[in-house]
1. Relative to the present Cα-Cα distance, how much length would full extension add between F68 and I171 at 0.36 nm per residue of separation?
2. What's the local net charge at P63, with K and R +1, D and E -1, over the other residues with C-beta under 14 Å away?
3. Which residue, chosen from Y190, Y139, G56, occupies the Cα position most advanced towards the positive end of the dipole of the chain, where the dipole is computed from +1 (Lys, Arg) and -1 (Asp, Glu) charges on Cβ about the Cα centre?
4. Using just the C-alpha positions of the range 11-197 as equal point scatterers, what log10 of I(q)/I(0) does the Debye formula give at each q in 0.11, 0.12, 0.19 1/Å?
5. Collect residues whose amide H, placed 1.01 Å from N in the peptide plane, falls under 5 Å from the amide H of Y196; neighbours closer than 5 in sequence don't count.
6. Build a GNM of the chain with springs between Cα atoms under 10 Å: which of G38, G172, G152 gets the top mean-square fluctuation?
7. Between A134, A35, A50, find the one with the highest GNM mean-square fluctuation for the chain; connect C-alpha pairs within less than 10 Å.
8. Rounded to the nearest 500, what is the 222 nm mean residue ellipticity of the chain from helices alone, with -39500 (n - 2.57) per DSSP H run of 4+ residues and division by all residues?
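Every number in this text was worked out from the coordinates using simple rules, so none of it is lab data. Just so it is clear, the model here is predicted, and its values are computed rather than measured. Cβ coordinates were reconstructed from backbone atoms using ideal geometry, including for glycine residues, and neighbour counts include every protein chain displayed.
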Amino acid sequence: MMDSPYKNLPVKKWLTVTRELVENHPLRSNQIIEAVLGAWHSIFASKFGAKGFRIGTEIFPKPQIMGFLLHELIPLELSARYPKLWRGELSAGDKDIVYIPDQKFSIEVKTSSNPNHIFGNRSYAQEASSDKKAKSGYYIAVNFQKFLGGGGEQPSVVLIRFGWLDSSDWIGQKAATGQQSRLTANAENYKFLELYRNV
């Protein structure tokens, strides 16, 4: 496992490191925004079943389903646009989005219907086993609106962020039955750069 780029640095220097990490990454900010918004648009452009039912017209999925669709479509958007550079996950050791020339630039995708925060499952607060993908590395964080009761207006993506997280940034729920982990405030504030906001 590679050392954290923030290792032994005070929090006040984290944002400078984050800017350098984002600047040195092969995926540009506009490419991330286009892929995320393209994936979101694809969800509403898709038709289901012989009757051609559509999300936002006849189907109003819960946030978990919308998050799942985004999680699957963002890597597909990037691999369709840049097939020699990006692909989706193929094995348990892969990140969600794999950079083919150099896997150290591969990316995890996290989505949430919370307007400001992302969450992981409890395992994110634990070190990965050798055959599983590393929890540390680049992350795209996407926050989106959920459907109001009965549908209402079409929800939208409200926030896209990009940065680097370490496994130590995740805090697991204390309760034995807790299945969720959250980020430390310092990680959310200084390890992501905001790329897009639609308030």
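1. Values: separation 103, 0.36 × 103 = 37.08 nm, distance 2.23 nm.
Additional length available on full extension: 34.8 nm.
2. Details: positive: K62, K110, K146; negative: none.
So the environment of P63 carries a net charge of +3.
3. Going by the Cα projections, it comes out as G56.
4. Summing over Cα pairs of the range 11-197 leads to -0.50, -0.60, -1.40.
5. I160
6. Highest fluctuation among the options: G152.
7. A50
8. Taken over the chain, the calculation gives -8500 deg cm²/dmol.
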